[in-house]
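Enquirer: My structure is below; once you've seen it, I'll send some questions.
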Amino acid sequence: MGRIARLLVFASCFAGLTTVRAAGPSPTRLDWPAEHVDFERHVAPLLSRYGCNVGSCHGSAEGKGGFKLSLFGFDMTADYAAITDVNGSRIDLSEPDLSLLLLKPALQTDHGGGKRFSEDSVAGRTIRRWIAEGAEHRPGSGTLRSVECVPNRTILSPDKLEIRPKVIATFADGTHEDVTEYCEFRSQDETVASLDEAVIRRAGPGDTHVIAVYRGYPAGMAVLSPNTDEATADGTSLFAQYRANNQIDHLIVQKLQILGIEPSPLADDVEFLRRVSLAAIGQLPAPAEIRQFVADTDQDKWARKIDTLLSHPLHAALWATRMCEITGSRDLGSARMRDSDNQREWSWHAWFRKRFADNVPYDEMVRDILCATTLEGREFSDYVDCAAQADELSDDIDALSEHYAERRTLDLFWRRPKVNEDLDVEELAERVSAAFLGVRIECAKCHKHPFDRWTQDDHRSLTNVFTQVKLGLSPRSRSAMVDLLKDQREARRKGLPTETIPAVQEVFISTSPHDKLGASSQTKLAPRPLGAQPIPRQGDRREAFAVWLTDTANPMFARNFVNRVWQWYFGRGLVEPVDAFSAANPPSHPKLLDTLADEFIRSGFDVRRLERMILTSRTWQQSSISTKTNASDERNFARAYVIPLRAESLVDAVQSATGSSFGKVELARQELPAVAIPVGRTGNPQLDTWFSAFQRPERKLTCDCEQNFEPTLRQTMLLLSDPDMLARIREGSLVDMLAQDPSNEELVEELFLRSLSRWPDKRECLEAMNVLDSTGDRLAAAADLLWSLMNTREFVTNH
Amino acid sequence: MQRKQSTYTRRNFLQVGSMLGLSLPMLLRAKATAAPTVMNNVPARNMILVWLGGGPATIDMWDPKPDAPDAIRGEFAPTSTSVSGLQICEHLPEMAQVTHKCTLIRSLQHSIPAHGPGSQYVMTGHVPSAALEYPSLGSVTARMLEPVGGVPPYVTFGNPPSSGAGYLGSAWSAFELDATMREIPRGVSLGADADMAAFDKRVKLRNVFDRRFDTRNADRIARGLDAFQQQAVDVLRRDSVRRALDIESASDEEKKSYGASNLGMNSLRARRLVESGVRYVTVGMEGWDTHVNNFNTLRNTLLPRLDKALAALIVDLDCRGMLDETIVCCCGEFGRTPQINGTAGRDHWSSAMSLLVAGGGFKAGFVHGATDKFGNAVIEGAMSPADLAATFLWRLGIDPAAITRTPSGRTMPIIRDGIVVSELFA
């Protein structure tokens, strides 16, 4: 904040100035364009702004029309050479106006790309002047330290309908410059903020971001456009009644107040209980539990319920499932090895489940994933004994996975061989980045990231953190294996009993990694985390990386995780999608994100404490029934959003509402709640059909795009037509229920509590009684009622 | 069946715009920048995409190089077709009889020889972006064309890659079916002998109990679910999906003509789905990633199955008078290297590939574009996947330049860089 505020002062002091020098005591006033037109600072950004260097134009591998620029302008030296190539006549120093670099984009001569700008536009004049000044290039002059929008947040009200922000670039030499003219602007929601070149206009109520992109480097500006309807007048009183439970609520309501969006009132007991049970353990509350909870007069019963659920074993199971998705437990690599899918997935799940049950600090858990080796420093012979033990358990998948969960590290994370025993370390680096930083760097594998700061060298330097990771047998283990085999032969010759030595394939750290070269330097790049200093080449580089990652001074690590937890409970992240942290994708509530991250760090990465903070906030506890002004709110958390149930939760809800199970998972000792099923393919056709229709994540990609719980036609059809659903209802616990001969009122109440976790209202009760009265077949009528309740939107969502 | 013909009018465009949640000023600006949109021809109504997952060696299929050296030509000989002067692979004899109904495009090219992103490019017409998931053409079609009702608009067999709805949202995702199904899958039908009166009664009751949720109805998810409920009841009541999938009722002769392979059965189902009003069907077939043993695999399994199913599909649609309104396209994510590798296979090659198109108002008996003498590069009529996508959409009556919005509010033309290749149209 400090730096931005300083910049703001700077910019306002020299309003109208374009070049501001931080170094000099009294900056010189200059007319536009700048003192010198600089290739890297002014000309190259224009090539980006007008789209000259995109893949479909001159940025394509072959260029266009004999003129090739680097894709998104990552290589300014090459671009300068292409522009000034003597055979190209793109530059005419003696007659600048005849330069093709000017004539083509102004369409004064044929140009396949059409007209990009006119000769007397800022762009045209800048380029002309650059040529007139000798078309020079000072390599490195444009190396950036940062780009900021000033201001970085604005409120557009009917009194102030537009704003023209400035974009200030800070270069490596410490100078600042107003680069607004060289930027491309983009509004993330044109119904809130529309753009006319660099002028931002209020288009309607709401809030969004405008992104300015300077030479591919983005800077965001939050645009808040308050609701001006009369409705806000009543709102004032609603805000006055508002009682914040904690810091979350203060930050949420602050923005709601500016926007004129009223928050919904608090949920009632039954709404809260259903929501918190589904969110924390993926289960519907049982009718008895609902009755008990409502009758409880303790003031702290909500907080108590939250604590009970957070320490429930199914809470840990649900977390394990989620972590299996984030870490991609089902991606085996394309060369399948010894581990069968099932063993691997069970073990993976068990490892996480144990940690969440014990509330192991998140940083510790991630360190044990990142620095995993198979031997974990043990002697090879000790490990072989351990592997032999595991082999004996191979028929009992529960025991086997519990055995694995006792390991310190999750070596399975690294076991994804591509061909033979080769690991794709680039992919692993991308996985680590997306899972634990929330940053997707795939783009930078082949070219500079088009709208983020990451370059190919950043990608490769990160990859070099992981190039030591190998799968197979380390040289040390190999010689130990040779000794073991020798002993075995010896023993056999003597006629002594021998045990078979299990096949071992280990994740280990090699001392001779194949490091990636720089994109244009041809020297091996030093291993380096994203946006950080290089780490030493010697030793397990992952350890140095983990130190950097989990350092309390690294904001990315905690922010990524708290955002995921937030998204889990609210259905939407503060940054959305949760694995797309980027300057081009700013958070909806930056201060809240920072606060949550700070709290999380201060608590020693205590996951349960973070969850408690969120669940006890008024924001989370408010009703999903909308107020006049918040019905269309989708990013300010003014009401509880309707969230489709995860596939597993839905299956569990069907199981508990009907009292009839879907049956066992292949290999499992006993029936499991669906949220605790570790495997992707269960081998139970009914379960697999429901899981696939309700889009249970595959757990293969690290991409958050796997987490698609949006409703589909297929799902609704399955619910309506699955013949087993009716059978389940008719043969399930309804039979026992009717055997007790309840009154119609009691029966209706029970059915509502079982399915919708609430009491029926008068009208509903009446309708239901009619159905029961209309027939002598009580079971059929009750089954129809339950079926109907289970097909409502209320049943298939959390709200 | 009543066929609605829609010409591209300003009114239609405005409808499209409001459907996609554009405000009027944005729309007007979008219109100003979009290419002029005049539909002269009757657009096609449907599309069936036969997707060859893994990347077919089209040099061994549609673009033989008989005069190239052994290490390129491969083991197959060319054969003459129903179009004079046009030769295709000898192992596609039935297709050779119907080439006069087809357009061969021998000049598709792109620069992503990797399965995932390559498929994404061809399926969506967009170079993949880590920041935004683009919708498949099937989802775009489902979104943009008026629904027929009582059937899902977009169906896929066998989970082909990148066949999702991307930023359009899951309302437009494919109705996925298992490519290896032997029987009608769970949850698409109430059964042939269902008690419809009882079903209707339960649905009515369900609607009563669902009403209270209308207090949350402003929510996107709640609204989406509501729309699906209506649609699902319609589909189930008409039992359209089961009827189309239930090929037991097809004649033996019909089944025989498509072949007994999954591809054959699913192609037949695809035809029946389109007949019942489905707009876009993707039939996926795996196994084309022939790094090893390319020639035996093609000769013994892949080509005979494809040949039978694809030729039968084209002939069948034609006989039923449906070919003019149905685009059939057969392609994969890329071609394979002209140079044969050390394991008698071919590797990924995206610089030049061929594909086959039939029906939907595409020219018949026509070859578009050409590769050089060894099939390494396109020398004539180059098309990108974006061009291909734009061309198909145009044919379906969808303006590829129409503006859509992503959930984060970004405005986005359906296809950004594609050019409609009108030489392909009859």
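The values are calculated or read from the model by the stated rules, or taken from the named source; none is laboratory data. Here the structure is a predicted model, which is why all the values come from computation and not from measurement. Cβ: placed from backbone, ideal geometry, glycine included. Neighbour counts: every protein chain shown. Note: accessible area is taken over every heavy atom of the protein model, side chains too, but ligands, DNA and RNA are not part of it. Shrake-Rupley method; radii C 1.70, N 1.55, O 1.52, S 1.80 Å.
Enquirer: Against the condition open to solvent by less than 10 Å² (accessible area, probe 1.4 Å) and of a type in the set (A, V, I, L, M), how does residue A:400 come out, does it pass?
Expert: For residue A:400, the condition - open to solvent by less than 10 Å² (accessible area, probe 1.4 Å) and of a type in the set (A, V, I, L, M) - is not met.
Enquirer: On to the next question. Exactly one of (1) out of contact with any strand residue (DSSP E or B) (no Cβ under 8 Å at 6 or more places or on another chain); (2) open to solvent by less than 30 Å² (accessible area, probe 1.4 Å) is unmet by residue A:274. Its number?
Expert: Here residue A:274 meets the rest and fails (1).
Enquirer: Would you point out the residue of the stretch A:716-743, among those that are open to solvent by 30 Å² or more (accessible area, probe 1.4 Å) and part of a loop (DSSP other than H, G, I, E, B), that is nearest to the other protein chains (Cβ to nearest Cβ)?
Expert: So, considering only residues that are open to solvent by 30 Å² or more (accessible area, probe 1.4 Å) and part of a loop (DSSP other than H, G, I, E, B), the one nearest to the other protein chains (Cβ to nearest Cβ) is A:743.
Enquirer: Let me ask you something else. Which of the strands (runs of 3 or more DSSP E) found entirely inside the stretch A:142-198 contain at least 3 residues meeting this: more than 14 Å from chain B (Cβ to nearest Cβ) and touching a residue at least 24 places away in the same chain (Cβ under 8 Å)?
Expert: A:144-150, A:153-155, A:166-171, A:176-178
Enquirer: So which residues in the stretch B:178-197 are touching a helix residue (DSSP H, G or I) at 6+ places or on another chain (Cβ under 8 Å) and facing chain A (nearest Cβ under 9 Å), if there are any at all?
Expert: B:185, B:186, B:187, B:188, B:189, B:190, B:191
Enquirer: For the stretch B:213-228, give me each residue that is facing chain A (nearest Cβ under 7 Å) and farther than 14 Å from residue A:644 by Cα.
Expert: Result: B:215, B:218.
Enquirer: Identify, from the list B:393, B:313, B:356, the residue that is touching a residue at least 24 places away in the same chain (Cβ under 8 Å), over 25 Å from residue B:294 (Cβ atoms) and surrounded by 21 or more Cβ atoms within 10 Å (Cβ to Cβ).
Expert: B:393
Enquirer: Additional query: Evaluate the following for residue B:236: is it surrounded by 23 or more Cβ atoms within 10 Å (Cβ to Cβ) and closer than 23 Å to residue A:717 by Cα?
Expert: So residue B:236 fits the description; yes.
Enquirer: Before we move on, is residue A:119 at pLDDT 90 or above and in contact with a helix residue (DSSP H, G or I) (Cβ under 8 Å, 6 or more places away or on another chain)?
Expert: When the stated conditions are applied, residue A:119 does not pass them.
Enquirer: For the stretch B:157-168, name all the residues that are open to solvent by 20 Å² or more (accessible area, probe 1.4 Å), more than 14 Å from residue B:283 (Cβ to Cβ) and at the interface with chain A (Cβ under 10 Å from one of its Cβ atoms).
Expert: Listed by number, the residues that qualify are B:164, B:166.
Enquirer: In addition: So how many residues does the stretch A:746-778 have that are in a helix (DSSP H, G or I), free of Cβ contacts under 8 Å to residues at least 12 places away in the same chain and loosely packed, with under 15 Cβ neighbours inside 10 Å?
Expert: So the count comes out to 5.
Enquirer: For the stretch B:171-195, how many residues meet the condition of being surrounded by fewer than 21 Cβ atoms within 10 Å (Cβ to Cβ) and within 25 Å of residue B:224 (Cα to Cα)?
Expert: Going through the stretch B:171-195 one residue at a time, the tally reaches 5.
Enquirer: Any chance the stretch B:301-309 includes a residue that's under 23 Å from the mean Cα position of the chain (by Cα), among the small types (Gly, Ala, Ser), part of a strand (DSSP E or B) and crowded, with 18+ Cβ neighbours inside 10 Å?
Expert: Checked the stretch B:301-309: no residue is under 23 Å from the mean Cα position of the chain (by Cα), among the small types (Gly, Ala, Ser), part of a strand (DSSP E or B) and crowded, with 18+ Cβ neighbours inside 10 Å.
Enquirer: Which numbered condition in (1) outside any loop (DSSP other than H, G, I, E, B); (2) within 14 Å of another protein chain (Cβ to nearest Cβ); (3) touching a residue at least 40 places away in the same chain (Cβ under 8 Å); (4) of a type in the set (Val, Ile, Thr) is the only one that residue A:675 fails?
Expert: Checking residue A:675 against (1) outside any loop (DSSP other than H, G, I, E, B); (2) within 14 Å of another protein chain (Cβ to nearest Cβ); (3) touching a residue at least 40 places away in the same chain (Cβ under 8 Å); (4) of a type in the set (Val, Ile, Thr), the one that fails is (2).
Enquirer: If I go through the stretch B:137-155 residue by residue, how many of them are outside any helix (DSSP H, G or I), crowded, with 23+ Cβ neighbours inside 10 Å and either more than 11 Å from chain A (Cβ to nearest Cβ) or of a type in the set (Phe, Trp, Tyr) (or both)?
Expert: Here the count works out to 1.
Enquirer: Would you mind stating whether residue A:303 is under 17 Å from residue A:245 (Cα atoms), in contact (Cβ under 8 Å) with a residue 24 or more places away in the chain and either assigned to a helix (DSSP H, G or I) or touching a Pro at 6+ places or on another chain (Cβ under 8 Å) (or both)?
Expert: Criteria met by residue A:303.
Enquirer: Looking at the stretch A:613-636, can you tell me whether even one residue there is open to solvent by less than 20 Å² (accessible area, probe 1.4 Å), over 19 Å from the mean Cα position of the chain (by Cα) and among the aromatic types (Phe, Trp, Tyr)?
Expert: Checking the stretch A:613-636: at least one residue is open to solvent by less than 20 Å² (accessible area, probe 1.4 Å), over 19 Å from the mean Cα position of the chain (by Cα) and among the aromatic types (Phe, Trp, Tyr).
Enquirer: Return the residue satisfying two criteria in turn: it lies in the stretch A:425-450 and is open to solvent by 10 Å² or more (accessible area, probe 1.4 Å) and within 20 Å of residue A:413 (Cβ to Cβ), and of such residues it is farthest from the other protein chains (Cβ to nearest Cβ).
Expert: Top of the filtered list is A:425.
Enquirer: Working only within the stretch A:646-672, note down all residues that are on the phi < 0 side of the Ramachandran plot and in a loop (DSSP other than H, G, I, E, B).
Expert: A:646, A:660, A:661, A:662, A:664, A:665, A:666, A:668, A:669, A:670, A:671, A:672
Enquirer: Inspect all residues belonging to the stretch B:112-128 and state whether any of them is of a type in the set (Val, Ile, Thr), within 20 Å of the chain's Cα centre (by Cα) and more than 14 Å from every other protein chain (Cβ to nearest Cβ).
Expert: Yes: one or more hits.
Enquirer: Quick one: residue B:231 ticks every box in (1) assigned to a helix (DSSP H, G or I); (2) at the interface with chain A (Cβ under 8 Å from one of its Cβ atoms); (3) over 30 Å from residue A:633 (Cβ atoms) bar one, so which box is it?
Expert: Among (1) assigned to a helix (DSSP H, G or I); (2) at the interface with chain A (Cβ under 8 Å from one of its Cβ atoms); (3) over 30 Å from residue A:633 (Cβ atoms), residue B:231 violates only (3).
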